[in-house]
Amino acid sequence: MMTLVVLFHQLRFSQFKVFYLYHVRLYLRKEFPNLPSYSRCVELLPRSALALTALFESIKGKCTGLSVADSTPIAVCDNLRIRRHKVFDGIAERGKTSTGWFFGFKLHV
């Protein structure tokens, strides 16, 4: 699941469901031969949070005394669906960037 989450954000799809059903299931079948259904995939997504945290910790560099801080928003749902969102319930939060509000996480690099 972690690979799909990273790929979803790299390809900049706006909705995970569209990404999963119309990109992954159609074009990446060979790379992911044992894909679960979309609903099962959504159930499994919270399990990837710890692995994603470990990945980000392992790829960040050491501070050399000069740092540039940047944060990237990782939206988990559209702002209109915040009240119905259940996948990262209690973990995701509202955030603001220079381009507007979002609901999800901020990746600090």
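The values are calculated or read from the model by the stated rules, or taken from the named source; none is laboratory data. Computed from a predicted structure; not experimentally measured. Here Cβ is always computed from backbone atoms with ideal geometry, including for glycine, and neighbour counts include all displayed protein chains.
Being at negative phi, assigned by TED's automatic domain parsing to the domain that holds Phe13 and surrounded by 11 or more Cβ atoms within 10 Å (Cβ to Cβ): is that true of Cys41 here? When the stated conditions are applied, Cys41 passes them.
Search the stretch 75-90 for residues being assigned to a loop (DSSP other than H, G, I, E, B) and under 15 Å from Cys41 (Cβ atoms), and hand back the single one that is farthest from the chain's Cα centre (by Cα).
Going residue by residue through the stretch 75-90, those that are assigned to a loop (DSSP other than H, G, I, E, B) are 78, 85-90.
If we keep only those that are under 15 Å from Cys41 (Cβ atoms) too, we end up with 86-88.
Details: Lys86: 14, Val87: 11, Phe88: 10 Å.
Result: Lys86.
Is there a residue being touching a helix residue (DSSP H, G or I) at 6+ places or on another chain (Cβ under 7 Å) and surrounded by 15 or more Cβ atoms within 10 Å (Cβ to Cβ) anywhere in the stretch 25-33? No, the stretch 25-33 contains no residue that is touching a helix residue (DSSP H, G or I) at 6+ places or on another chain (Cβ under 7 Å) and surrounded by 15 or more Cβ atoms within 10 Å (Cβ to Cβ).
Please verify whether the stretch 87-102 includes one or more residues that are out of contact with any Leu (no Cβ under 9 Å at 6 or more places or on another chain), hydrophobic (A, V, I, L, M, F, W, C), free of Cβ contacts under 8 Å to residues at least 40 places away in the same chain and surrounded by 13 or more Cβ atoms within 10 Å (Cβ to Cβ). Scanning the stretch 87-102, I find at least one residue that is out of contact with any Leu (no Cβ under 9 Å at 6 or more places or on another chain), hydrophobic (A, V, I, L, M, F, W, C), free of Cβ contacts under 8 Å to residues at least 40 places away in the same chain and surrounded by 13 or more Cβ atoms within 10 Å (Cβ to Cβ), so the answer is yes.
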